[in-house]
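Below is one structure; the comments refer to it alone.
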Amino acid sequence: MSETGSVKFTCQQVAVEISRFAGFGELNRYRRKLLKLGMVGVDASGIGFGNLSIRNGATSRFYITGSATGGISELMPANCAKVVAYDFARNWLQCEGSAVASSESLTHAAVYESNPTAGAVIHCHDMKLWAALLDKAPTTPKRVEYGTPEMAYAVRRLFEATDVKRRKIFAMAAHDGGLVTFGRDLQDAFRILMHSNEQSRRKN
């Protein structure tokens, strides 16, 4: 699913119950902060935007907020999906849970794959910060749409060719307002987002 409700990848969903996982409380805590800031939520058309994920231990698997959950103020474990396998080339993803994994799951997977120290990823929207960071911070190409294998490959290239691993934030040129930040946990990822926002305001 995408944020607009259209299918962008083949999702093999295993309908099992998702129990409370390590970091779930932290996920809700930082999601509430982002909701309050308007960086995650639902737009005027009723379309949800923004998603958060937490790596499942030292594995390549991760828990991510489900598609169409932007308007929910407090998530339950059932509103999250566990991504257990993916394949960029096939545009395919396997997840567990009753919720469908967010359209940005492949982007999150690319971050985790490219940076083994990353334990959490935030994808949010903020037009002012996005405009300030566009082409000044690491930025994905304008031709690359969100939620696609091309975006996952573009993220990989950022890690190979830019200082994104140090800066821990990048802009999505073809996704108005779209920003991704990551860190060892959600506290770290959120701190980097707020620091970037503060720096941007000072410059303006």
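The values are calculated or read from the model by the stated rules, or taken from the named source; none is laboratory data. If you're wondering where the values come from, they're calculated on a predicted model, not measured in any experiment. Virtual Cβ from ideal backbone geometry, glycine too; neighbours counted across all protein chains shown. What goes into the accessible areas is simple: the full protein's heavy atoms, side chains included, and nothing from ligands, DNA or RNA. Shrake-Rupley method; radii C 1.70, N 1.55, O 1.52, S 1.80 Å.
Does segment 8-49 hold any residues that are closer than 20 Å to residue 107 by Cβ and in a helix (DSSP H, G or I), and which are they?
27, 30, 31, 34, listed by residue number.
Step by step: first the residues of segment 152-173, then only those that are farther than 19 Å from residue 40 by Cα and of a type in the set (Phe, Trp, Tyr), then the one that is most open to solvent (accessible area, probe 1.4 Å). Which residue is that?
153
Exactly one condition in (1) open to solvent by less than 20 Å² (accessible area, probe 1.4 Å); (2) over 18 Å from residue 168 (Cα atoms); (3) of a type in the set (A, V, I, L, M, F, W, C) is false for residue 84; which is it?
So residue 84 meets the others, but not (1).
Just give me the residues in segment 46-81 being in contact (Cβ under 8 Å) with a residue 40 or more places away in the chain, among the hydroxyl-bearing types (Ser, Thr, Tyr) and crowded, with 18+ Cβ neighbours inside 10 Å, in sequence order.
Those that are in contact (Cβ under 8 Å) with a residue 40 or more places away in the chain, among the hydroxyl-bearing types (Ser, Thr, Tyr) and crowded, with 18+ Cβ neighbours inside 10 Å: 53, 63, 67.
State which residue is least open to solvent (accessible area, probe 1.4 Å) when the search covers only segment 8-23 and only residues that are of a type in the set (A, V, I, L, M) and either closer than 17 Å to residue 102 by Cα or touching a residue at least 60 places away in the same chain (Cβ under 8 Å) (or both).
18
In segment 87-111, what count of residues is obtained for those that are in contact with a Ser or Thr (Cβ under 8 Å, 6 or more places away or on another chain) and open to solvent by 10 Å² or more (accessible area, probe 1.4 Å)?
Looking only at that region, the number is 5.
For residue 149, all conditions in the list (1) out of contact with any strand residue (DSSP E or B) (no Cβ under 8 Å at 6 or more places or on another chain); (2) open to solvent by less than 10 Å² (accessible area, probe 1.4 Å) hold save one; what is the number of the exception?
(2)
Any residue in segment 116-135 that is over 29 Å from residue 61 (Cα atoms) sitting within a Cβ distance under 8 Å of a residue that is of a type in the set (Asp, Glu)? List the pairs, counting only those 6 or more apart or interchain.
Cβ pairs passing all conditions: 127/176.
Being over 27 Å from residue 26 (Cβ atoms) and among the basic types (Lys, Arg) is the filter here, so list the residues in segment 119-142 that pass it.
Answer for segment 119-142, where residues must be over 27 Å from residue 26 (Cβ atoms) and among the basic types (Lys, Arg): 136, 142.
Can you name the residue in segment 174-195 that is within 16 Å of residue 33 (Cα to Cα) and open to solvent by 10 Å² or more (accessible area, probe 1.4 Å) and is also farthest from the chain's Cα centre (by Cα) among such residues?
Ranking the candidates gives 195 first.
On the basis of being acidic (Asp, Glu) and closer than 20 Å to residue 68 by Cα, does residue 185 make the cut? Working first, answer last.
Details: acidic (Asp, Glu): yes; closer than 20 Å to residue 68 by Cα: no.
Answer is no for this residue.
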